[in-house]
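For reference, the structure is listed below as structure tokens.
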């Protein structure tokens, strides 16, 4: 049922990695990092899906054996992961701004003072 | 530990097989080397006692510390090297008779052997001379060169003697040879023996492998600024190193020629040391010219390491 | 208060310290210094108080956040679990934090925005401490991510400096690829096992691998390998260690890459318990051997003090990974001991580099020289660190490297596999090359000619010397009293890494491991020690004799030690009568003989370390692909 989601998430991850490896523009590299994160988020949230399950909102009296709902843990994980991904992107973009001020370019192949 | 035990240990450390024995035999071997070399070049050569005289004379000379030098390190380096060599002498058994019998003393020996070289390097470096700077870089490259074959030779011996249980104890290697015959007579060990013979002159720093000191080229490299007592100690270090390397060779390949009398054992060992000195240092010195540093490195990592590796493979497949 | 709360409080203290520094530390230097020292000091004390119950009495502390205990054998809360392995690393972490905090007080006093430095520093500390104490894989991921951000922030802290922002960006890109792999692995594991607790995962996965969990293993292994900077994931580390402030470089090599190593050990020994599969051992040993060799050869080619140290850091981690990958108790002992020693001596060396940087304003070896007369304390500390890392007796590096060689060769003999002989030889050669490159630094920075520009250099203040002296003392002590370290730190940690069922039982209730048919890893090999008091007695006696000899000879009227000032030609350095002044043999001039022989290799290596972030990302992804393929081919 979730196979499409899984395939899509792997495609997203691979696309993101491809972007990071091949694109020389720093902004595009940051976008690639974002795409990898989205792919993984899609994957995590898909692992918790139960077909036909209800929202996982219960109190202790309603929670009886046989209650059928989607797994809430992956949703929590996804939220956390989204927050972290946003932080990474923000940090990366701020570094790109700094880099542009110092090097006057956003081309990765010219930002290589540290090598060898 | 009672008082006799302590005295006995002190005797071992200071007289036999420690300080005095190592120094005397080392100086003897150095003298022998010079004498034999002179005879091979149709010179009369100095008397056997000459290295001792040199040593005593240097001790009496004034010691000059150059103003660019770091005094503490400059003066401490030769002493540290000497200390390490004497400790090494304690680890090398006179066949059956040894001071320490640890489980892994081959590795201790391997490591202690680097200390005199490091002492020379640090001492030379601290003198602040550019010649010394070049010298220490060459000493270091020499060290890198001979370390690989030396390691492989030691691993080969450990495998040969210990089998699957691996033996890094020099005492056990000697007693194994007492039962199974000298390692020198095992065909698989012959390449390792040759490799070891070639490692000794580089370790001691005699021609043609004396690129680090190269008197004619960089004026003795690390030793250039040294004078008086520290220089005497460095010269003594070279002599003691001769004894240690040849004695190590004797134990690795000719161990187990035991008579039961310590004095007689010692005499046999010194004889073997003298022979090894002749073959690995004097003879090679007499017939070859000094190598360049890059040739030295290549030579050790291909020819010598190849010999040692051949032996290791032969031993590994069970020969 | 019971000590079971201490681990969580220690982590919380560091994070609270970070928060309070934001609020209160903006205007007063005294306040932020106090907060940093207090937070790291409290964390240190709290962890130190756990030594007795955990390491000596052998207890495993399990702690469920908010008291969410497992229900019907399923872990539902976030658990903290402190076993001896975690405790060992936690001790390393808190010691590093405290020493680095003390060093930072004076080291960064000339920088602006110091409050942000302390905020990031305390968050980094808290995250690494949390990582080694947690018992939950997702919590581990969070800690890894916090670690990565804050490390990136600290790398870019001196953002006007040469290349620090660039290093931070590369670090962030490579680091986040690594974190993503880890997260992907964790997600797959959750999909398979529906739990995030390490103990329960270990119980469910042990000997029970499906293709999905193998994929998870490969991804998590790669992700954590990125965090421990083994080759080919080492590229951002070399840049970051170079450009970060030295107190932070020390933290990076002392605990951030140790956190990665800890993660790998936890992963292969506990969570997946795959360590007794020969393929995993081969994988780790090959990674380790390549890492040590490439690290050390790159270090030989460097001209910058800190970049050289950075490549050595990478190389030494190779030793740890190799030793741990052998899966013998001797190898594990050697690996953990070397990890500890690496924290000590590499921290010390980075602090020395920091002292040189503060005193002279540069770490370029070609511009330094002759500092030993101006900075005697730093020189002594540096020499102790250099001898330790090169493995000279009696310093600690000797003991741990010996254990590594012995373990590798033992493994070769017991398995009959020639690969391990090769690895042993590589390890020994790498050790000599390490010595060589430290000789280079010694000659280029501390000895030789003092350049005119550095005539007025002064020794660093006492508060910066203090951590250096402490670490020097620890380097010597842990080498000499090896037996003590072995008994109280290494043996408990090793038995914790091998005793999987104990780890599971103390978290999930006793009998849980047996129910899931988990058995402990059977590791061969015995302990042995090189410690022999007689040797050191002998050394002592001989040193005494030699000293007497020196004093006697120098007392004589003719054998006097003479010292002069620069005016007298007698005391000048010999320079063959040329008019020109003696020139200093700089770092780049040493070892040209070696470099010409290896020119081809060095050219290739320099080409590979191109500095382009895309290339570095490519190495990571390619290596990940190789690990995945290897896992599926050999671990089925």
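Just to confirm my numbers, what's the Cα centroid distance between the range A:38-113 and the range C:366-437 in Å?
Centre-to-centre distance over Cα atoms comes out at 43 Å.
If you take the beta carbon distance between residue C:210 and residue A:61 as r and set R0 to 35 Å, what does 1/(1 + (r/R0)^6) give as a FRET efficiency, to the nearest 0.05?
0.40
Pop the C-beta distance of residue B:267 and residue C:366 into the FRET formula with R0 = 51 Å and round what comes out to the nearest 0.05.
0.40
With the contact rule set at Cα under 8 Å and sequence spacing of 6 or more, what percent relative contact order holds for chain C?
Taking the mean separation of contacting Cα pairs over the length of chain C, I get 16 percent.
If I stretch the segment between residue C:68 and residue C:194 completely, what's the gain in nm (0.36 nm per residue apart, minus their alpha carbon distance), one decimal?
43.7 nm
Can you sort C:6, C:382 from fewest to most other Cβ atoms within 10 Å of each residue's own Cβ?
Listed from fewest to most nearby Cβ atoms, that is C:6, C:382.
For A:24-30, what's the mean count of beta carbons from other chains sitting within 10 Å of each residue's beta carbon?
If you average over the peptide's residues, the count of other-chain Cβ atoms is 2.
Restricting to DSSP H runs of at least four residues, report the calculated mean residue ellipticity at 222 nm for chain B, -39500 (n - 2.57) per run over all residues, nearest 500 deg cm²/dmol.
Dividing the helical sum by the residues of chain B leaves -22500 deg cm²/dmol.
Just A:103, A:38, A:49 to compare: in a GNM of chain A, with alpha carbon springs under 10 Å, which one fluctuates most?
Between A:103, A:38, A:49, it is A:103 that shows the largest mean-square fluctuation.
Partner chain Cβ atoms within 10 Å, averaged over the residues of B:81-91 - can you pull that number for me?
Mean shielding count: 4.
Most mobile of B:205, B:60, B:162 per a Gaussian network model of chain B (Cα springs, under 10 Å)?
B:60
Which percent, to the nearest 5, of DSSP beta bridges fully inside the protein assembly as shown are antiparallel?
Here the share of antiparallel DSSP bridges comes out near 70 percent.
What is the angle, in °, between the Cα long axis of helix C:376-390 and the longest principal axis of the Cα atoms in chain C? Nearest 10 is fine, range 0 to 90.
50 degrees
What angle, in degrees between 0 and 90 and rounded to the nearest 10, separates the Cα long axis of helix B:19-40 from the longest principal axis of the Cα atoms of chain B?
80 degrees
Within 10 Å of each Cβ of B:52-64, how many other protein chain Cβ atoms are there on average?
3
Name the residue, out of B:156, B:72, B:206, whose mean-square fluctuation peaks in a Gaussian network model built on chain B with Cα pairs under 10 Å.
Of B:156, B:72, B:206, the Gaussian network model singles out B:72 as fluctuating most.
Going by a ≥ b ≥ c, the root eigenvalues of the Cα gyration tensor, does the range B:172-266 fall in the rounded group (a/c under 1.5), the prolate group (a/b larger than b/c) or the oblate group?
It is oblate, given that a/c is not under 1.5 and a/b is not larger than b/c.
Using just the helices of chain C, give the 222 nm mean residue ellipticity in deg cm²/dmol: DSSP H runs with n ≥ 4 each add -39,500 (n - 2.57), and the total is spread over all residues, rounded to 500.
The helix contribution divided over chain C gives -22000 deg cm²/dmol.
Between residue C:76 and residue B:182, what FRET efficiency comes out of the Förster formula 1/(1 + (r/R0)^6) with R0 = 56 Å and r the beta carbon distance, rounded to 0.05?
0.20
Using only Cα atoms, find the angle between the long axis of helix B:228-254 and the longest principal axis of chain B, and express it within 0 to 90 degrees, rounded to the nearest 10.
Rounded to the nearest ten degrees, it is 20.
Taken together, the values in this text are just the output of simple stated rules run on the coordinates, not laboratory data. Just so it is clear, the structure is predicted and the values come from calculations on it, not from any experiment. In this analysis, Cβ positions are derived from the backbone assuming ideal geometry, glycine residues included, and neighbour counts consider all displayed protein chains.
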